[in-house]
Amino acid sequence: MKNKKNILSLLFLSLFISTNINSQNNDELIKPNIIIFYADDLGWQDVQLNDLDEPCAWDTPNIAALAKEAINFTNAYSPAPTCAPSRAALLSGLHPAKTGITQVSGGTIPKASKRSHYISPFYPSGLMPEHFTIAEALKMNGYKTGHVGKWHVGSLKIQSSTNQGFDFAHESRGAHQGPKKPDTRLTAFATNDANDKFRLSEEKYFPFTKEDPKGISYPTDAVTENALDFIQNNKEEPFFLYLAHWMVHYPIHTKNRKLLDYYCDKLGVELPEVDTEWTKEGQNNPYFGAMVTTLDWSLGRVVDLLKKTDDPRNPGKKLFETTYLIFSSDNGGAETRQKEIMSDNAPLDKGKKYTEEGGIRAPMLVSGPNISKGETKDVLINQLDYFPTILNLTNSKIPSRYSSDLDGLDISNVLLNNENDVKNNSGEVRGDLWWHYPYGDDVKNQSAIRSGDYKLYKNFNSGKYVLHRLYKDGKRADLEEQYDIAEESPEIVKDLSTKLEKYLKDYDAKLPYKSITGVTDSSDKEKLAFIPVVATDVLDTISRTVTIKLEKGKSKVVESYALIKISDKPSAKGRKKLKTTYIEVPLEFSKDKLEYTFNVPKDTYAYGVVFIDENRFMVTSEFHELIKTPKKKRKNKNKNKKGKKNKKG
């Protein structure tokens with residue numbers, strides 16, 4: 001069967017165009033394995049890799065040990081300052097602005113925020129079947145593919161991991177599962193009870209203290225265990241494991257009482273008698289510290305298995321010698337949630353949800369065959385680079401329509417040849433990286449570009465540019481981003497703003513729109529009288545064609561699209577809440593842009609149309625419900641199991 005597959009692969013090779021292949025100088029190595037160990041909300045300063053000013057308070061001995069066998073990239077970035085956009089970008093190799101997935105929890109009707117006069121653009125809930133993932137690419141090239149942990153790039157069945165190229169998926173929270181009432185994070189700890197699904201391990205691990213010189217036990221973590229099982233069960237074939245941990249995302253807690261006590265002693269703090277939000281500033285939250293060290297423990301378990309396990313496909317080698325392991329995080333550190341202080345990204349400015357350094361710079365290690373050990377590099381890296389790099393490292397081939405659309409660059413020359421510059425297919429050195437986040441308040445709502453030593457921001461609400469010089473001649477300058485030098489550096493602002501504006505245009509990046517409510521600007525108030533107005537809105541039930549006509553004499557429409565609500569097929573018993581999402585559908589329109597039409601697909605639950613006028617005001621038609629969305633049936637609390645009414649005591 002394998003020979004037949006190889007012959008077929010050769011026959012179809014002409015249909016594919018591969019990425020440029022750099023020699024690995026190891027002809028004996030057969031198809032290396034790939035593991036992406038992806039943390040959630042782990043900041044650049046939350047690990048013992050990039051200590052600046054003050055050392056990290058959290059203990060990460062396994063991450064530090066891996067760094068001795070890997071390259072540590074100190075200028076590595078996530079594609080976005082939040083979870084879902086980064087995950088979608090890593091998996092698809094496409095910039096968030098290209099997929100439109102630029103924020104979490106998408107697929108909803110755009111609405112004005114109470115805190116802003118602007119409306120965020122519509123963005124999809126996640127990846128769709130038309131997106132081509134790294135899992136599909138590697139599966140096409142003979143790899144077994146597994147996803148363990150957090151998905152968060154679509155909740156419909158058509159968006160699921162097993163419909164995006166993964167052979168295996170386990171997506172529980174594992175030990176990250178928060179306490180259930182009446183328990184709190186002061187009481188919900190793992191035990192040695194055989195019936196405890198988080199039962200403490202017999203094996204002992206870090207920390208090693210006077211009280212526990214042989215180490216402590218850790219709660220059973222289904223995420224880690226399923227990752228280890230996937231490796232063991234698939235080592236006979238080349239495998240790709242996307243291990244996306246839920247840690248160290250909120251809720252901030254630990255099921256490991258010993259580890260919590262260790263951090264209380266280390267930080268010199270005491271646990272309160274009542275579970276309240278932790279408000280001490282800096283890296284002083286013992287719950288968060290325990291989560292970071294638990295994440296580190298999980299990485300240690302994976303590395304330990306790789307080092308102990310023979311690779312049956314490469315005799316004489318352990319899996320660690322034949323596996324490329326990439327460690328990073330989906331965005332910068334989350335410093336706070338409501339009143340709870342979790343960690344501190346200093347000296348980096350801000351954190352998650354911001355395009356400042358604290359929100360997008362992430363720890364990153366890469367180890368594997370022919371990669372230098374113990375190296376540190378400051379070259380600019382984006383997680384978008386993973387897709388083309390993995391294709392090269394595995395000598396995988398994909399259709400040219402996908403490879404030509406990838407937004408990252410192959411960094412194999414840096415990994416394998418110890419070069420210091422990332423280059424494109426034409427041999428040109430990478431000059432910059434950029435981010436797009438048109439959401440949130442007046443501070444968050446911006447795009448950014450990093451070029452060499454400089455970082456430029458464009459705020460969408462004010463239209464203002466802000467410029468910082470992070471480094472000067474390779475040395476730290478204003479890494480804290482405290483000094484705006486835009487006025488004194490007009491040429492640099494012009495150069496970087498031109499690049500940024502070109503990116504925004506080329507990628508058709510969606511920007512915030514003006515809301516027709518709460519308008520305070522006098523000139524905008526005058527323009528309100530001319531916003532587009534829907535005159536008629538008709539659905540032909542036979543042809544399923546919607547026709548919308550606008551009133552004449554109003555402002556010109558410059559952008560328009562329909563939104564339709566789709567869903568999974570409802571369960572026969574209706575016990576589960578129906579998962580739905582809106583997706584964007586293009587419109588046909590008349591030459592004068594006063595009449596718009598589109599067809600409503602069968603099984604559409606609701607639809608409506610969005611218009612943007614020449615003054616950037618957003619106007620929506622009425623949204624019509626075609627199929628009532630069923631809700632999860634609730635049990636009658638007034639009846640006991642036998643169906644009789646409970647008696648009042």
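Relative contact order of the stretch 148-263: what whole-number percent is it, with Cα pairs under 8 angstrom and at least 6 residues apart?
Relative contact order here is 32 percent.
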Among Thr597, Tyr218, Ala84, pick out the residue whose Cα is farthest towards the positive end of the charge dipole of the chain, where Lys and Arg carry +1 and Asp and Glu carry -1 on C-beta, about the Cα centre. Thr597
Using the beta-carbon distance between Glu270 and Phe623 and R0 = 51 Å, what value does 1/(1 + (r/R0)^6) give for FRET efficiency, to the nearest 0.05? 0.45
Out of Pro121, Thr536, Trp297, whose Cα points farthest toward the positive end of the dipole of the chain (charges: +1 Lys, Arg; -1 Asp, Glu; placed on Cβ)? Thr536
Just read off the accessible area of Val274 with the full protein assembly in place, 1.4 Å probe, to the nearest 10 Å². 100 Å²
Only Lys, Arg, Asp and Glu count, each charged at its Cβ (+1, +1, -1, -1), so figure out the dipole size of the stretch 461-525 about its Cα centre, rounded to 20 debye. 220 debye
Pick out, in residue order, every one of the trypsin sites (Lys or Arg not before Pro) in the stretch 276-324 that is DSSP loop and has at most 11 other C-beta atoms within 10 Å; say none if there are none. Lys280
What is the dipole size for the stretch 501-607, taken about its Cα centre, with +1 at each Lys and Arg Cβ and -1 at each Asp and Glu Cβ, in debye to the nearest 20? 620 debye
Determine the relative contact order of the chain: mean sequence separation of Cα pairs under 8 Å and six or more apart, normalised by residue count, in whole percent. 18 percent
How many nm is it between the label spots at Asp378 and Leu52, if each spot is 7 Å from the Cα in line with the beta carbon? 1.0 nm
Solvent-accessible heavy-atom area per residue, rounded to whole Å², over the stretch 441-546 at 1.4 Å: 56 Å²
HN-Hα J in Hz across the stretch 132-148 - Karplus 6.51, -1.76, 1.60, θ = phi - 60°, x for Gly and Pro: 10, 9, 4, 5, 5, 5, 6, 4, 4, 10, x, 8, 7, 10, x, 10, 10
Using a 1.4 Å probe on the protein heavy atoms only, what accessible surface does Tyr465 show? Give it in Å² to the nearest 10. 60 Å²
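Could you list the trypsin sites (Lys or Arg not before Pro) in the stretch 425-488 that lie in coil according to DSSP, counting only those with at most 16 other Cβ atoms within 10 Å of their Cβ? Intermediate results must be reported in sequence, preceding the final value.
Working: sites: Arg430, Lys444, Arg450, Lys455, Lys458, Lys464, Arg469, Lys472, Lys475, Arg476; in loops: Arg430, Lys444, Lys464.
Hits after loop and neighbour filter: Lys464.
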Solvent-accessible ranking of Ile583, Ile252, largest area first, probe 1.4 Å: Ile583, Ile252
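Restricting to DSSP loop positions (anything but H, G, I, E, B) with no more than 14 other Cβ atoms inside 10 Å of their own Cβ, which GluC sites (Glu not before Pro) remain in the stretch 40-148?
Numbers: sites: Glu69, Glu130, Glu136; in loops: Glu69, Glu130.
Those that pass, being in a loop and sparsely packed, are Glu130.
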Relative contact order computed over the stretch 381-448 (Cα-Cα under 8 Å; 6+ residues apart), in percent: 22 percent
With viscosity set to 1.306 mPa s at 10 °C, what whole-number translational diffusion coefficient in µm²/s follows for the chain from Stokes-Einstein and a Kirkwood radius over Cα pairs? 59 µm²/s
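Quick one: dipole size for the stretch 139-286, taken about the Cα centre, charges +1 on Lys/Arg Cβ and -1 on Asp/Glu Cβ, in debye to the nearest 20. Present the calculation step by step, with values, prior to reporting the outcome.
Numbers: 19 positive and 21 negative charges, 65 e Å.
That gives the stretch 139-286 a dipole magnitude of about 320 debye.
Rounded to the nearest 500, what is the chain's calculated 222 nm mean residue ellipticity when only DSSP H runs of at least 4 contribute -39500 (n - 2.57) each, over all residues? It would help to have the intermediate numbers written out before the result.
Details: 14 runs with 131 residues, N = 649.
After summing the helix terms and dividing by residue count, I get -6000 deg cm²/dmol.
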Given charges at Cβ of Lys, Arg, Asp, Glu: the chain dipole, positive-most of Pro207, Phe166, Leu406: Phe166
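The values are calculated or read from the model by the stated rules, or taken from the named source; none is laboratory data. These numbers come from a predicted model, not from an experiment. Quick reminder, even Gly has a Cβ in these numbers, built from the backbone with ideal geometry, and neighbours come from all protein chains shown. Surface areas here come from the heavy atoms of the whole protein model, side chains and all, with no ligands, DNA or RNA. Shrake-Rupley method; radii C 1.70, N 1.55, O 1.52, S 1.80 Å.
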